[in-house]
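Visitor: Pasting a structure below so you can have a look.
The values are calculated or read from the model by the stated rules, or taken from the named source; none is laboratory data. These numbers come from a predicted model, not from an experiment. Cβ coordinates were reconstructed from backbone atoms using ideal geometry, including for glycine residues, and neighbour counts include every protein chain displayed. When the accessible area is computed, the model is the full protein with side chains, heavy atoms only, and any ligands, DNA or RNA have been set aside. Shrake-Rupley method; radii C 1.70, N 1.55, O 1.52, S 1.80 Å.
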Number of protein chains: 2
Amino acid sequence: MFRYELLDRVGKARLGRLETPHGTVETPAFMPVGTCASVKGVAPDRLRAAGVQIVLANTYHLLLRPGPETVAALGGLHRVMAWDRPILTDSGGYQVFSLAHLRQLDEEGVTFQSHVDGSPVRLTPAEAVRVQRQLGADVIMQLDECPPAGADRDHVAAAVERSALWAARCRDAWQAADGLSAQAKPQALFGIQQGGTDAKLRAESARKLVQLDLPGYAVGGLSVGEGHEAMCGVLDAVDELLPADRPRYLMGVGEPRDILAAVARGIDMFDCVLPTRNGRNAQAFTWSGRVRLRNARWREDARPLDEACDCYCCRNYSRGVLRHLFAAREMLGPTLVSVHNLHFFAELMRRVRASLADGTFADRSTAWLAAMYAADGQP
Amino acid sequence: MFRYELLDRVGKARLGRLETPHGTVETPAFMPVGTCASVKGVAPDRLRAAGVQIVLANTYHLLLRPGPETVAALGGLHRVMAWDRPILTDSGGYQVFSLAHLRQLDEEGVTFQSHVDGSPVRLTPAEAVRVQRQLGADVIMQLDECPPAGADRDHVAAAVERSALWAARCRDAWQAADGLSAQAKPQALFGIQQGGTDAKLRAESARKLVQLDLPGYAVGGLSVGEGHEAMCGVLDAVDELLPADRPRYLMGVGEPRDILAAVARGIDMFDCVLPTRNGRNAQAFTWSGRVRLRNARWREDARPLDEACDCYCCRNYSRGVLRHLFAAREMLGPTLVSVHNLHFFAELMRRVRASLADGTFADRSTAWLAAMYAADGQP
């Protein structure tokens, strides 16, 4: 029920196809984030119209509210999200280590305090798999330990060890959960590489994960503040460390510049809150740079964000109207710019795939970056 | 370009049709409110899908932000609202008297302080017409003085006098604005009856307005806290006070019980924030009463708000999911329940018109009210 097909390579960059029980994802792909089972402010028919093929939801948030039993009682995550296409859930690990209070870590798992009702919550590899089985996404992630940027080498090395141990335990729980073979299971389990920006630790982490023969591999522990160059340094080695016949997912990325650099280094999947978070903050992505809609220069501008964009926002609203909606604190402003930004990211990935197919990726990538970042020196 | 046709009468109740430059409105009709040129949280394609035929926008808010010149520069109110069907703007009078600070009233007009930038704003009858011409709605309203509920008789009598004087001045400004006859003008001007709950003042107010031979008449100064019975008392006289060949608009109503009582007494048009405001507060309208979605009883309820409703919310989301979206403070919750409520109000008016057409209005009206209000004794 889960199959990755590598269709073409251009250098290290890969054109592929991921088949899941809820349909096919063309890769490289970007996954919008629906933290609490909702892509903030954007109804699923708008996601579909944007050409979104897969979305991500956060196990950490759904574990605490409404709880996996409630999601299951309501028909599972696809019904809850009103989304019949592929879904990926993370394991909760990243949020436990970045958000949770009163965290206590041991070899078996991690205990933390619920931000919803203050109750203690225990997450172990087996529990992370159990919860994600109840949620019912197409792709589920191992529980890992994600150290903060700037953690010392011993801390990062310990996180690599622990994450590898937990990957094995997640695989065991996943394998034991039903009598099905890895290919026949309704959910694919991905392992997560850690190792910070240390090449040896990254290699060791990858080696241990690959031994587990998982359906896919993620690169974790990046986009935590290490910067573009350091991220590229880690990604330079990904293609040789991970098997060519499995999808590769760079967690938490994001920025178009990072996406293009990662595609060039062999990454297939991405997720980030950037299109919706920036949309809520009145910042729109366009091919000629970002548009900050609160700026007074747009007051009487009757042009859409992008003349060539066919999203619902650009077909119906001008920059001047969007500026007014933000000034008046109308909910429609955040929704419309989020819709536009999600279209932009889906279109970026369509152009990436098309340029990989016709061999123009490197040149086009350079031109896109120049046009996108030159205008205002934006990161 | 503006024409009202009375198609049928059932007692005092009227089935009609209002033709405007942006299309036809079947009456009795309910107008969702887009205060700042946006029906809060609801994109216009959802309004269209609900069967909404006309929306209202508030001149007071648009005068202060973004300003009528900016609306005009952005292509007019229809472009700004991304709505190519009929629009009605109020005159700003009601908000000046209920919201504005440092209000100073004289015979010529009213001066108040902008809540946006603190600047003084002057509104006169001629200015209200000028601003509404710049906005460009299909139906515009006279500037009136709306006294609060409980105002003494002298205050209400003075407001009747002043509102009648201002109605004449608005008509003069409207007539002088172009060389067109009343029928050929792109905007129809409605007068507003005042008079509180005093039958004599109401009759005097109507008599003065009718002398002006305006394209339509509104009943103002109700739904300000006087209660259902007092409102019905005023409306009992409307049919004999206002000419049969002009549309009648009851401002700020609202509550389904009030709408049905007003239709029975000869009202054709309504507006209210109820569907969207209650939607944002997790309260859904159904034919069997209101559903309070924050209630724990809906936690694992996989049924939609209304099995028979074909709105986007009911086709895609269960009560349990909606409850979760509100608990998690996701923007999609308010949007979805607002969409459902707007469908409910549009469907209520469709059923009202159908029952007027087949002569079952009185019986059905009684049955709807029993089912809607019996369940929980809700007003």
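Visitor: Exactly one of these conditions fails for B:Arg329: (1) outside any loop (DSSP other than H, G, I, E, B); (2) more than 24 Å from the chain's Cα centre (by Cα). Give me its number.
Guide: (1)
Visitor: Please count how many residues of the range A:106-129 are basic (Lys, Arg) and either under 23 Å from the mean Cα position of the chain (by Cα) or assigned to a loop (DSSP other than H, G, I, E, B) (or both). Can you show your working first?
Guide: Restricting attention to the range A:106-129, the residues satisfying the condition of being basic (Lys, Arg) are A:122.
Right, trim to either under 23 Å from the mean Cα position of the chain (by Cα) or assigned to a loop (DSSP other than H, G, I, E, B) (or both) and you get none.
Within the range A:106-129, residues that are basic (Lys, Arg) and either under 23 Å from the mean Cα position of the chain (by Cα) or assigned to a loop (DSSP other than H, G, I, E, B) (or both) number 0.
Visitor: From the list A:Asp90, A:Asp84, A:Asp45, which one is away from chain B (no Cβ under 13 Å) and open to solvent by 10 Å² or more (accessible area, probe 1.4 Å)? I'd like the intermediate steps shown before the answer.
Guide: Numbers: A:Asp84 fails: away from chain B (no Cβ under 13 Å); A:Asp45 fails: away from chain B (no Cβ under 13 Å).
Being away from chain B (no Cβ under 13 Å) and open to solvent by 10 Å² or more (accessible area, probe 1.4 Å) holds for just one of A:Asp90, A:Asp84, A:Asp45, which is A:Asp90.
Visitor: Could you grab me the full set of residues in the range B:223-269 that are free of Cβ contacts under 8 Å to residues at least 60 places away in the same chain and small (Gly, Ala, Ser)?
Guide: B:Ser223, B:Gly227, B:Ala230, B:Gly233, B:Ala237, B:Gly254, B:Ala261, B:Ala262
Visitor: Of A:Gln183, A:Gln95, A:Gln132, which residue is in contact (Cβ under 8 Å) with a residue 12 or more places away in the chain, assigned to a loop (DSSP other than H, G, I, E, B) and within 26 Å of A:Leu77 (Cβ to Cβ)? First the steps, then the outcome.
Guide: Values: A:Gln95 fails: assigned to a loop (DSSP other than H, G, I, E, B); A:Gln132 fails: assigned to a loop (DSSP other than H, G, I, E, B).
Unique residue meeting the criteria: A:Gln183.
Visitor: Just to verify a result, which residue in the range A:257-297, among those that are within 14 Å of chain B (Cβ to nearest Cβ) and surrounded by 22 or more Cβ atoms within 10 Å (Cβ to Cβ), is nearest to A:Phe190 (Cα to Cα)?
Guide: A:Thr276
Visitor: I want to confirm something. Restricting to the range A:18-28 and keeping residues that are in contact with a Lys or Arg (Cβ under 8 Å, 6 or more places away or on another chain) and of a type outside the set (S, T, N, Q), which single residue is nearest to A:Gly254 (Cα to Cα)? Step through it out loud before you land on a result.
Guide: Of the residues in the range A:18-28, the ones in contact with a Lys or Arg (Cβ under 8 Å, 6 or more places away or on another chain) are A:18-19, A:22-28.
Still in the running and of a type outside the set (S, T, N, Q): A:18-19, A:22-23, A:25-26, A:28.
Details: A:Leu18: 20, A:Glu19: 23, A:His22: 24, A:Gly23: 24, A:Val25: 18, A:Glu26: 18, A:Pro28: 13 Å.
Looking at residues that are in contact with a Lys or Arg (Cβ under 8 Å, 6 or more places away or on another chain) and of a type outside the set (S, T, N, Q), I get A:Pro28.
Visitor: Checking B:Leu74 against (1) within 13 Å of chain A (Cβ to nearest Cβ); (2) under 23 Å from B:Asp144 (Cα atoms), which single condition isn't satisfied?
Guide: Condition not satisfied by B:Leu74: (2).
Visitor: Can you name every residue in the range B:59-71 that is more than 9 Å from chain A (Cβ to nearest Cβ), open to solvent by 10 Å² or more (accessible area, probe 1.4 Å) and within 19 Å of the chain's Cα centre (by Cα)?
Guide: Within the range B:59-71, just B:Leu63 meets the criteria.
Visitor: Further, regarding this structure: I'd like the full set of residues that are without any contact (Cβ under 8 Å) to a residue 24 or more places away in the chain, assigned to a loop (DSSP other than H, G, I, E, B) and polar (S, T, N, Q), limited to the range A:138-180.
Guide: none
Visitor: Next question. Out of the residues in the range B:93-125 that are closer than 15 Å to B:Tyr60 by Cβ and of a type in the set (Gly, Ala, Ser), which is nearest to the other protein chains (Cβ to nearest Cβ)?
Guide: Checked the range B:93-125; the qualifying residue nearest to the other protein chains (Cβ to nearest Cβ) is B:Ser114.
Visitor: Taking A:Asp8 as meeting all but one of (1) closer than 22 Å to A:Ala261 by Cα; (2) within 13 Å of chain B (Cβ to nearest Cβ), write down the number of the exception.
Guide: Just one mismatch for A:Asp8, condition (2).
Visitor: List pairs: first residue in the range A:206-222 and among the hydroxyl-bearing types (Ser, Thr, Tyr), second residue in a loop (DSSP other than H, G, I, E, B) anywhere in the structure, Cβ distance under 6 angstrom, at least six positions apart or on different chains.
Guide: A:Tyr217/A:Leu242; A:Tyr217/A:Arg246
Visitor: Let me ask something additional. Test B:Leu62 against the criterion of being in contact (Cβ under 8 Å) with a residue 12 or more places away in the chain, touching a Cys at 6+ places or on another chain (Cβ under 9 Å) and not polar (S, T, N, Q), and give yes or no. Walk me through it before giving the result.
Guide: Working: in contact (Cβ under 8 Å) with a residue 12 or more places away in the chain: yes; touching a Cys at 6+ places or on another chain (Cβ under 9 Å): yes; not polar (S, T, N, Q): yes.
Criteria met by B:Leu62.
Visitor: Taking B:Ala157 and the conditions (1) crowded, with 20+ Cβ neighbours inside 10 Å; (2) at pLDDT below 95; (3) over 23 Å from the mean Cα position of the chain (by Cα), which numbered condition does it fall short on, given that it satisfies the others?
Guide: (2)
Visitor: Right, next: Quickly run through the range A:165-189 and pick out the residues that are touching an Asp or Glu at 6+ places or on another chain (Cβ under 8 Å) and open to solvent by less than 40 Å² (accessible area, probe 1.4 Å).
Guide: Within the range A:165-189, A:Trp166, A:Ala167, A:Lys185, A:Gln187, A:Ala188 meet the criteria.
Visitor: Another question about this same structure. If I ask for residues that are open to solvent by 30 Å² or more (accessible area, probe 1.4 Å), among the aliphatic types (A, V, I, L, M) and assigned to a loop (DSSP other than H, G, I, E, B), which ones from the range A:238-256 would you list?
Guide: Passing the criteria: A:Ala244, A:Met251.
Visitor: Mind checking which pairs have a first residue in the range A:299-321 that is more than 7 Å from chain B (Cβ to nearest Cβ) and a second that is among the acidic types (Asp, Glu) and part of a loop (DSSP other than H, G, I, E, B), Cβ under 8 Å, 6 or more apart or different chains?
Guide: A:Cys314/A:Asp306; A:Cys314/A:Glu307; A:Arg319/A:Asp301
Listed here are the residues, each with its yes/no results for (1) touching a helix residue (DSSP H, G or I) at 6+ places or on another chain (Cβ under 8 Å); (2) over 15 Å from A:Thr286 (Cα atoms).
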{"site": "A:Arg319", "(1), (2)": "yes, no"}
{"site": "A:Phe326", "(1), (2)": "yes, yes"}
{"site": "A:Gly333", "(1), (2)": "yes, yes"}
{"site": "A:Val337", "(1), (2)": "yes, no"}
{"site": "A:Asn341", "(1), (2)": "yes, no"}
{"site": "A:Ala370", "(1), (2)": "no, no"}
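Visitor: So, one more: Condition first: open to solvent by less than 20 Å² (accessible area, probe 1.4 Å), touching a residue at least 12 places away in the same chain (Cβ under 8 Å), of a type outside the set (D, E, K, R) and more than 19 Å from A:Val224 (Cβ to Cβ). Can you find one or more residues in the range A:190-201 that meet it?
Guide: Within the range A:190-201, not a single residue is open to solvent by less than 20 Å² (accessible area, probe 1.4 Å), touching a residue at least 12 places away in the same chain (Cβ under 8 Å), of a type outside the set (D, E, K, R) and more than 19 Å from A:Val224 (Cβ to Cβ).
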